[in-house]
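Quick notes on the structure that follows.
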Amino acid sequence: MSGSLERPFDHVIGGTETPGARGEHASVKNPATNADLARVAVGHADDARHAMEAAQAAFDGSWWANDDGGRRMRALVKLAGILESRVEEFALLETLNMGKTLKESRGDMGFVVRTIEYVAGLADKIEGETIPVPGARLDYTIREPLGVTVHIAPWNYPLLLAVRGVAPALAAGNAVVLKPASLTPLTAIAFARLAKESGIPDGILNVVSGSGGEVGETLINDSRCRSVSFTGSGDVGRRIAELAARRTIPATLELGGKSPVVVFPDADIDRAARGIAFGIFGNAGQMCWAGSRLIVHRAVHAALVEKVAKLAAATRLGAGSEPTSEMGPLVSAEHLGKVAEYVDSARSEGGTVVTGGAKVTTESLGNGNFYAPTIVDGAAPEAKAVREEIFGPVLMVHPFDTTDEAIRLANATEFGLFAALWTKDIATAHTVARRLEAGIVSVNEAPVTFPQTPFGGFKGSGLGFEQGSEVVRQYTRRKNVVLNLSVPKPKA
Ligand code: NAD
């Protein structure tokens with residue numbers, strides 16, 4: 001285990017673990033049982049300012065921003081290696097805190113390791129340009145780190161989404177302050193404890209836990225904050241964009257989704273059914289890019305719904321730490337209540353629950369936040385459960401007759417994060433992929449992403465992107481330098 005669960009999970013500020021100025025702790029729970037799991041420091045505004053101060057001091061005073069990028073690369077590779085050697089511990093910690101299955105947590109940790117390695121490889125390739133200009137001049141650009149960057153993470157992929165923002169900022173030479181979600185701070189804190197061992201200077205990687213309203217806003221409003229990367233809900237993202245605009249600092253926003261999965265009649269229906277089930281029941285549906293709206297051609301509607309419903313009904317629910325579990329609990333009892341409300345609203349707005357539609361109340365799972373994988377067919381396009389992100393294992397189904405109708409239904413949402421389509425026809429694949437309003441499109445694939453591919457949403461799903469080869473440059477600023485090379489004529 002990444003540090004015993006008895007040991008409190010304190011903030012990591014300036015290379016030191018601290019309970020914070022007020023020394024308060026709160027419990028986080030195991031969502032499989034709702035029993036207390038570990039004690040976490042409760043941060044306040046003064047702790048946020050302390051973290052910003054430590055980060056700025058490390059940025060100004062350590063080698064991190066000033067030495068050759070190769071040195072940062074080596075420290076990051078070491079960090080990735082240490083994490084890789086402890087993947088099992090981190091995966092278990094993630095599972096106990098967030099609920100997802102161990103298989104899913106192991107996958108997340110692999111992605112984290114690979115993300116750090118990938119951006120480490122970019123740390124010594126942050127290059128400027130020379131620009132031809134008139135006259136006897138040399139003009140060139142320099143890419144500099146921004147300074148202190150702030151990163152605010154959600155609870156659904158606690159470490160993965162935290163590191164997705166933090167790692168490229170570190171590779172670019174910034175000092176970072178990370179605020180994990182209050183429900184799931186354990187792996188982020190355990191991760192920050194590895195910085196020292198990796199040779200990252202104290203104060204370059206700080207984690208302060210606490211509420212978004214107090215700790216998060218204090219971090220962004222601090223004059224030392226030079227950029228913010230945020231992953232979370234739309235309302236909070238828009239609030240963060242406002243705060244960032246007031247301070248004229250950049251904000252990267254990765255927000256929610258209501259992603260369509262369009263299935264054409266020529267698709268391989270068995271493969272599609274498995275991909276669809278994975279895309280909505282994986283991580284118990286708590287995925288920003290969950291394929292939550294199935295838009296299926298009428299000719300295969302009944303057959304496909306039946307196949308996905310069979311997979312849903314056969315899914316083994318259980319504590320994520322049990323090796324046989326295929327789907328874990330929702331993150332909290334409160335979140336389960338919201339998911340259940342959405343399903344009830346879908347019922348009252350014309351939807352038929354094909355499978356699921358209830359909390360699991362068996363003796364072994366009744367204390368946890370387990371909700372059965374659910375399919376709702378035929379709810380009106382304007383129903384609340386069709387328009388809004390549910391963030392749970394709930395698939396809404398809509399039949400279509402023509403390709404134009406399918407695209408209209410797919411794009412009829414305020415979101416634009418992800419879209420999937422299933423067809424064997426290459427022309428349909430390319431033409432429909434172009435017409436879907438989504439930052440990420442997959443063809444004959446369940447949702448899949450890699451550290452080297454850009455990840456970002458259109459429309460209400462966000463601003464900017466994470467991942468991909470340009471992401472490290474996003475955490476730099478560009479300076480233009482012009483030199484006059486003319487030699488003055490000797491005086492006569
Ligand atoms: P959330 O918006 O409630 O919280 C996200 C983070 O923001 C938390 O750390 C929270 O403490 C903090 N926060 C809350 N209010 C704040 C404020 N006023 N100022 C600064 N920080 C504040 O989101 P959540 O419930 O943790 O996560 C679920 C949401 O995240 C869903 O909408 C999901 O779609 C989205 N998400 C998006 C992506 C993506 O890549 N696009 C990935 C995962 C999750």
* **Test result for GLY199, in contact with a Phe, Trp or Tyr (Cβ under 9 Å, 6 or more places away or on another chain), closer than 30 Å to GLY128 by Cα and not acidic (Asp, Glu)** => no
* Determine whether segment 314-324 contains at least one residue that is among the polar types (S, T, N, Q) and either buried (at least 24 other Cβ atoms within 10 Å of the Cβ) or within 16 Å of the ligand (Cβ to nearest atom) (or both). => no
* Name the residues in segment 229-251 that are in contact with a strand residue (DSSP E or B) (Cβ under 6 Å, 6 or more places away or on another chain), surrounded by fewer than 24 Cβ atoms within 10 Å (Cβ to Cβ) and under 30 Å from ASP67 (Cα atoms), would you? -> ALA244, ILE249, PRO250, ALA251
* For ALA169, are the conditions met, namely being touching a helix residue (DSSP H, G or I) at 6+ places or on another chain (Cβ under 6 Å), within 24 Å of GLN56 (Cα to Cα), in contact (Cβ under 8 Å) with a residue 24 or more places away in the chain and not charged (D, E, K, R)? -> no
* Within segment 392-443, tally of residues that are small (Gly, Ala, Ser) and assigned to a helix (DSSP H, G or I) -> 5
* Structure fact -> Those residues of segment 46-68 that are surrounded by fewer than 18 Cβ atoms within 10 Å (Cβ to Cβ) and more than 24 Å from SER211 (Cα to Cα) come to a total of 8
* To do: From (1) of a type outside the set (Phe, Trp, Tyr); (2) surrounded by fewer than 15 Cβ atoms within 10 Å (Cβ to Cβ); (3) closer than 18 Å to ILE280 by Cβ, pick out the condition that doesn't hold for GLY357.
  => (2)
* To do: Please work out if LEU395 is among the aliphatic types (A, V, I, L, M), assigned by TED's automatic domain parsing to the domain that holds MET287, within 15 Å of CYS288 (Cβ to Cβ) and in contact (Cβ under 8 Å) with a residue 60 or more places away in the chain.
  => no
* To do: For segment 257-264, indicate whether the set of residues that are in contact (Cβ under 8 Å) with a residue 60 or more places away in the chain, within 15 Å of the chain's Cα centre (by Cα) and crowded, with 24+ Cβ neighbours inside 10 Å is non-empty.
  => yes
* Quick one: is THR252 of a type in the set (Val, Ile, Thr) and under 20 Å from TYR157 (Cβ atoms)? -> yes
* Asked: Within segment 203-224, can one find any residue that is out of contact with any helix residue (DSSP H, G or I) (no Cβ under 9 Å at 6 or more places or on another chain), within 30 Å of LYS125 (Cβ to Cβ) and surrounded by fewer than 24 Cβ atoms within 10 Å (Cβ to Cβ)?
  -> no
* **Verdict on GLY43 being surrounded by 15 or more Cβ atoms within 10 Å (Cβ to Cβ) and at positive phi** => no
* **Within segment 48-134, helices (runs of 4 or more DSSP H) holding 2 or more residues that are touching a residue at least 40 places away in the same chain (Cβ under 8 Å) and either farther than 17 Å from ILE189 by Cα or touching a Cys at 6+ places or on another chain (Cβ under 8 Å) (or both)** => 69-85, 102-120
* Considering residues of segment 7-33 that are among the hydroxyl-bearing types (Ser, Thr, Tyr) and touching a helix residue (DSSP H, G or I) at 6+ places or on another chain (Cβ under 9 Å) only, the residue farthest from ASP202 (Cα to Cα) -> THR18
* Wholly enclosed helices (runs of 4 or more DSSP H) of segment 207-302 bearing at least 1 residues near the ligand (Cβ under 8 Å from one of its atoms), assigned by TED's automatic domain parsing to the domain that holds THR423 and more than 22 Å from LYS384 (Cα to Cα) -> none
* Kindly indicate which of GLU389, GLU341 is outside any loop (DSSP other than H, G, I, E, B), within 16 Å of the ligand (Cβ to nearest atom) and either modelled with pLDDT of 95 or more or not charged (D, E, K, R) (or both). => GLU341
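Yes or no, residue by residue, for (1) touching a residue at least 60 places away in the same chain (Cβ under 8 Å); (2) outside the structural domain of ARG164 (by TED's automatic domain parsing):
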site: ILE426; (1), (2): no, yes
site: THR431; (1), (2): no, yes
site: ARG434; (1), (2): no, yes
site: ALA438; (1), (2): yes, yes
site: VAL448; (1), (2): no, yes
site: PRO451; (1), (2): yes, yes
site: PRO454; (1), (2): no, yes
site: GLN467; (1), (2): yes, no
site: VAL471; (1), (2): yes, no
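The values are calculated or read from the model by the stated rules, or taken from the named source; none is laboratory data. Note that the coordinates shown come from a computational prediction; the quantities given were computed from them, not determined experimentally. Methodologically, a virtual Cβ is constructed for each residue, glycine included, from the backbone with ideal geometry; neighbour enumeration extends over all protein chains shown.
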